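Report on the following structure.
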Amino acid sequence: MRLIRIVLLISILTTAVAAFATIFGSVRGVIHDPQHRPIQGAMVMLKSQSSDWTKSASTDANGEFAFNAVPLGDYSISVASPGFAQAVQHLVVNSGTEPIIHFQLNVAGAKETLEVSSEPEVVPTDSATPITLVNRQEIERTPGASRSNSMAMITDFVPGAYVTHDQLHIRGGHQTSWLVDGVPVPNTNIASNLGPQFDPKDIDYLEVNRGSYGAEFGDRTYGVFNIVPRSGFERNNQAELLLSAGNFHQTNDQLSFGSHTERFAYYASLNGNRSDLGLQTPVSNVVHDAANGYGGFASFIFNADPSNQLRLVTSLRKDYYQIPYDPFPNDLENGSIPGNNFTPQYPSIGLRDGNHESDALVNFSWVHTFNSRVLATVSPFYHRNGANYDSSPTDFPTATTDHHTSTYAGGQISFSANVAKNNLQAGFYGFHQHDDQFFAALFNDGSNPPVSERDLASGRLEAFFVDDKFRPFSWLTLSAGMRPTHFSGGLTENAISPRFGATMNIPRLNWTLRAFYGHYYQAPPLLTVGGPLEQFCNTNNCGFLPLQGERDEEHQFGVTIPYRGWVLDVANFQTNARNFFDHSCIGSGLCLPITIDGAKIRGWELTLRSPRIARRGQIHLAYSNQIAEGKLPITGGLTNFSPPSDLFPLDHDQRNTLNLGGDITLPWRSFASTNVYYGSGFSNAFPGQPYPGDHLPPHTTFDLSIAKDFGERFSASLNALNVANRRVDLDNSQTFGGFHWNNPREIYIELRYRFHY
């Protein structure tokens, strides 16, 4: 492995080229007249649709222009040249992509005119990765999406994404990565946080990559959430105060402010929230379920000169969740009844647990542009994450305490260059990790003496990435890369993950076909159980094995079809996993990581987005047909499972998931938005008791938001989630907090006040 690292380092230093896991793409194009002769000296302006960010350039003798270091998002590009009518096109820039724009300028008439191109919106055609892009306005308008702990900005727009047992799952797993400014936020712990990494109100764009990642995007197979934070370019010495109030004594508040000059932009916010309805409940009643939290966020951008940009992002969050319990002594969870073979399945009637979470992040990036084709970034970071699970000392039969803090320090160095027909990519990502875990168990039933243990562990991860997109023809892009990774912690592992992709654009139709095959390696948590923890677990008939990293193989193919502003995307995928990461719960609801020998996740998915219809409305649809199965035995962590003979449905297996939503602009400066969610039902842990079949009943919810602007400064909205108050047992497997019902109807009002300072 040392030889591999040395060879790759030398290759990086000698070539000094490549792209990177980033928020940046590039835009290139050519401008010609009606006789297809290039137009030299035309003025080209690229402008963000969500802020005052702009760039300008002039075409060369070949009529060509280029913009490098363009943050992902929605843009308009306008072209002006003496004697020709000005023209405008709209385009989408995704990270690591290179949209190519063609303009044909018509000769101007007697009056100067502005021609908006009738061509469809330009979408990237050189990426094998299916991507969902969600912007700030969609987050603000989607019912419930802007709340601090909401995942609706993901689940309402991304196929196969849903929340069950209080944790986000996507494409059959919950090992996902959050990136800010294109730099991964390290977290090797499995589903340790229940809310999103960042408050949705602080996000300008959210780019969700759904498999088929290039080598630069890391190894979290099931989803990569790459965010562009609010920057201040969308404000001019403006602040915003957001207040909300609703049933369950909920409130979700924020004060934010930001501004910019030509060279400097800043944005900062403070937020707080609380509710009597925090987590999904084990029964339809809402009992012991309060939640509260607060946090802050800031981003700064400084353009030192045209070639150097400095970016700083920092955030802090603290959250607390009461763990709800089942108050009924004679039901499926608590009672010794025929329905559960006279063995309580998840007794929680005597538990009064709580979970404190904290998260702190500092991320700095230096972006250096050598020229219009070569770019480099250097990004050191610091991340501290904590999850403290506490029980009441009187919990019966067992009161447990688990305090776990992980500290990460590291960085990413990356290069990108567009050379001839190649988009070359290379870089290094690594961090040092230190974990501090305290565990204690008090056996109030007298079955064992009290136990306690504190474990300290350190480890590190080093990964190189090399990738190339080669475009032999304008309609064909071939990609190949690899990601060698070295992990050392409780054990030492090495992996080399090759990845191959291809995209083909069909002329005239402008359809993009894509295919991908690749491998991934996901490093394991540093700490699991040992010492007195083994004694505790032995009382639950468990054994232990060391955790190993998950190794995945994925193949996927799909097609993107744009038509008059509509964009349809269809994908078919399969992931084969070894040492699949999951979690198992023991005692009073404490969950510890495990690995399962194998998992097979396969399915197809569809997304559809419309343009603004009649300049008033827009709709979006996300559908997934998916099968998520596991294969025992347990290969790491707890081993208290009895292996079925064949593949078995994972506890979050849901065969069909559909979201249909949209928004419409109404008269009198008002709008309405909605989302309908349908799920066919998750795996049934007790077939026939009380539900027949291998899956729980299907469920549908309807969300609605109505808002109105009162002048430029004040707006108000009414939000209703699960309007029909349809309640259903979502999950009856032994997971965090016991069984889980979906949330009841929530109604709240939200007030926004904007002012200048």
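The values are calculated or read from the model by the stated rules, or taken from the named source; none is laboratory data. Only a predicted model underlies this, so the values are computations on that prediction, with no experimental measurement involved. Cβ sites come from the backbone with ideal geometry, for glycine too, and all protein chains shown count toward neighbours. What goes into the accessible areas is simple: the full protein's heavy atoms, side chains included, and nothing from ligands, DNA or RNA. Shrake-Rupley method; radii C 1.70, N 1.55, O 1.52, S 1.80 Å.
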Item to check | Loop trypsin sites (Lys or Arg not before Pro), the stretch 668-723, which have at most 13 other Cβ atoms in a 10 Å radius of their Cβ (DSSP) | outcome: ARG669, ARG713
Next on the checklist: Given R₀ = 22 Å, what would the calculated FRET efficiency be for ASP709 paired with GLN49, taking r from the Cβ atoms and rounding to 0.05?
Outcome noted: 0.70
Item to check | Spin-label model distance (nm) - ASP305 vs ASP445, 7 Å beyond Cα toward Cβ | outcome: 7.2 nm
Checklist outcome for this item: Of the accessible area of the chain, computed with a 1.4 Å probe and all protein chains kept, carbon and sulfur make up a percent value of 59 percent
Item to check | Charge dipole magnitude, Cβ of K and R +1, D and E -1 - the stretch 166-314, Cα centre, debye nearest 20 | outcome: 100 debye
Checklist outcome for this item: Once the dipole of the chain is set up from charges on Cβ (+1 Lys and Arg, -1 Asp and Glu), the residue from the list LEU476, SER610, HIS432 lying farthest towards its positive end is LEU476
Next on the checklist: Below 11 angstrom from the Cβ of THR595, what's the summed charge of the other residues (Lys, Arg +1; Asp, Glu -1)?
Outcome noted: -1
Next on the checklist: Rounded, prolate or oblate for the stretch 118-173? Axes are the square roots of the Cα gyration tensor eigenvalues, ordered a ≥ b ≥ c, and the cut-off for rounded is a/c under 1.5.
Outcome noted: oblate
Checklist entry - If the label point is 7 Å along Cα→Cβ of ASN292, which residues in the stretch 377-412 have backbone nitrogen under 17 Å from it? => result none
Item to check | Label-zone membership for the stretch 404-448, site ARG28, 7 angstrom Cα→C-beta point, backbone N under 17 Å | outcome: 416-426
Next on the checklist: Can you classify the stretch 287-429 as rounded, prolate or oblate using the Cα gyration tensor, where a ≥ b ≥ c are the square roots of its eigenvalues, rounded means a/c under 1.5, and otherwise it's prolate if a/b beats b/c and oblate if not?
Outcome noted: prolate
Item to check | Residues of the stretch 606-741: accessible area per residue with a 1.4 Å probe, Å² | outcome: 45 Å²
Item to check | Square roots of five times the Cα gyration tensor eigenvalues for the stretch 171-259, Å | outcome: 29, 19, 10
Checklist entry - How large is the accessible surface per residue of the stretch 354-492, computed with a 1.4 Å probe and reported in Å² as a whole number? => result 40 Å²
Next on the checklist: As an exercise, use a Förster radius of 22 Å and the Cβ-Cβ distance of SER458 and TRP366 to find the FRET efficiency, rounded to the nearest 0.05.
Outcome noted: 0.20
Checklist entry - Given the Cα-Cα distance of ARG384 and THR665 and 0.36 nm per residue of separation, how much length would full extension add, in nm? => result 96.9 nm
Checklist outcome for this item: Counting only protein heavy atoms and leaving out ligands, DNA and RNA, the solvent-accessible surface of TYR321 at a 1.4 Å probe, in Å² to the nearest 10, equals 10 Å²
Checklist entry - Just how much of TYR623 is accessible, in Å², when a 1.4 Å probe is used and the result is rounded to the nearest 10? => result 50 Å²
Item to check | Between helix 2-15 and the chain: long-axis angle, C-alpha atoms, 0 to 90°, nearest 10 | outcome: 20 degrees
Item to check | Inter-label distance for HIS102 and ALA420, nm, one decimal - labels placed 7 Å from Cα along Cα-to-Cβ | outcome: 2.4 nm
Checklist outcome for this item: Ranked output for segments 229-242, 337-350 by mean other Cβ atoms within 10 Å, highest leading, reads 229-242, 337-350
